[in-house]
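**Q** Handing you a structure now.
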Ligand SMILES: Cc1ncc(COP(=O)(O)O)c(C=O)c1O
């Protein structure tokens, strides 16, 4: 057993807060002073920052990453009779959004090396969907654990079939794919500012990105109760889904240090690869892509034994996700691709995520390597 016994947070939000605490306090106090808690000036300022950061023509904040998905599907008029293709290995929100609207989440398998939706499985699902008499409406390409899905292959298949592409970038905000930043790809992209996300606030928050001005206008209406040109004019059924001004003020400060944090995350991912590669298969990033490492996830045999051994050495780890969505009681009745979901259903017994945040230390990572070496 290693001598190194300093407990580490799985995601250390306190280290970041300590670094920018005065700026955060000043930002929150400014909101308390002007008192515009809903859709205050910081919301617009943050949205401008998001546009600049992503290169998206339109960025609209909302209450959380789940609403962000729902709002886009609503804007596209998706509902009963429509199929929305989703990877079976993802966080529940991806399938929850279409299901909430009465549409059918249609499960597709993922690639074992990237954890992201498999374009060939998606292609087959579109064919299967036709046989079921469902309308193939949209695909949600989840950028799992911080790495963009293969958006070019997915878009080619989707657009040939008139299927819209929604990128679920809840875990990949700040990542890049072949020269483009997450937010500027697909027909629309969503993200989450849940505290543990690469860019997180101190509560719930989310955003939607698109290049399409009409879609942006509809989304702006939908997030504000379906408003029309005036406040008490309601032209459609919408949601109450706004980012609080205080959260926007916090996010403005966090966005300033985000590029540096992405760099640090990538440095620590490289160090993990250096220290761990002799014992385990380290994560793979597809050519032309960068990850923001929302999670640093290994695929290991004997996962529970390894998790337990790490725990005894003060190394926290987590299992994302313990079940495929197609195996969850609330979702097992939805259809899935005829070629099966083998990868999605095997991964839950093998995945193990290690601590990842921008404030790790090399000695912690080298120790993870030594501890793994004791049992592998
Ligand atoms: C892939 C994915 N999609 C959607 C969401 C939903 O985001 P939120 O928790 O902000 O609603 C999450 C958040 O955990 C997520 O990981």
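**Q** Suppose each label sits 7 Å from its Cα in the direction of the beta carbon; what would the residue 350-residue 376 distance come out to in nanometres?
**A** 1.3
**Q** Still on this structure: Take the alpha carbon gyration tensor of the range 49-165, find the square roots of its eigenvalues, order them as a ≥ b ≥ c, and report rounded if a/c is under 1.5; if not, report prolate when a/b exceeds b/c, else oblate. Don't skip to the answer; put the middle values down first.
**A** Values: a/c = 1.60, a/b = 1.23, b/c = 1.30.
Oblate is the answer for the range 49-165, as a/c is 1.5 or above yet b/c matches or exceeds a/b.
**Q** Another one. Looking at the chain, what % of its DSSP beta bridges pair antiparallel, to the nearest 5?
**A** Values: 23 of 41 bridges.
Percentage antiparallel, nearest 5: 55.
**Q** Another one. Based on alpha-carbon centroids, what's the gap between the range 338-376 and the range 156-185 in Å, whole number please?
**A** The two parts, judged by their Cα centres, are 26 Å apart.
**Q** Which shape class applies to the chain: rounded if a/c is under 1.5, otherwise prolate when a/b exceeds b/c and oblate if not, where a ≥ b ≥ c are the square roots of the Cα gyration tensor eigenvalues?
**A** Details: a/c = 2.05, a/b = 1.15, b/c = 1.78.
Since a/c reaches 1.5 but b/c is at least a/b, the shape of the chain is classed as oblate.
**Q** Would you mind checking the range 333-376 for residues with the amide N under 14 Å from a putative spin-label position 7 Å along Cα→C-beta of residue 278?
**A** In the range 333-376, the label zone of residue 278 (backbone N under 14 Å from the point 7 Å along Cα→Cβ) covers 366-376.
**Q** For a protection proxy built on the mean count of beta-carbon atoms within 10 angstrom, sort 145-154, 262-271 highest first, please. Write out the running numbers ahead of the final one.
**A** On the way: 145-154: 24.0, 262-271: 17.8.
Per-residue Cβ counts within 10 Å, averaged per peptide and sorted highest first, yield 145-154, 262-271.
**Q** Just check the range 221-376 against the gyration tensor rule for me: Cα atoms, a ≥ b ≥ c as the square roots of the eigenvalues, rounded for a/c under 1.5, and otherwise prolate or oblate depending on whether a/b exceeds b/c. Can you show the working numbers first?
**A** On the way: a/c = 2.70, a/b = 1.51, b/c = 1.80.
Note, shape of the range 221-376 comes out oblate.
**Q** Please list 246-256, 340-350 highest first by mean number of surrounding beta-carbon atoms within 10 Å per residue. Write down the numbers at each step before the final one.
**A** Working: 246-256: 21.5, 340-350: 17.4.
Order by mean packing, descending: 246-256, 340-350.
**Q** May I ask what percent, to the nearest 5, of DSSP beta bridges between residues of the range 162-240 are antiparallel?
**A** Values: 8 of 11 bridges.
The antiparallel fraction comes to roughly 75 percent.
**Q** Roughly how many Å is it from the Cα centre of the range 83-147 to that of the range 186-253, as a whole number?
**A** If you average the Cα positions of each part, the centres end up 23 Å apart.
**Q** Extending each Cα 7 Å along its Cβ direction at residue 338 and residue 29, get the distance between those two points in nm, one decimal.
**A** In this crude label model, residue 338 to residue 29 measures out at 6.6 nm.
None of the figures in this text is laboratory data; all of them are computed from the coordinates on show. Fair warning: this is a prediction, and the values are worked out from it, not measured in the lab. Note that we place each Cβ from the backbone using ideal geometry, even for glycine, and neighbour counts take in every protein chain shown.
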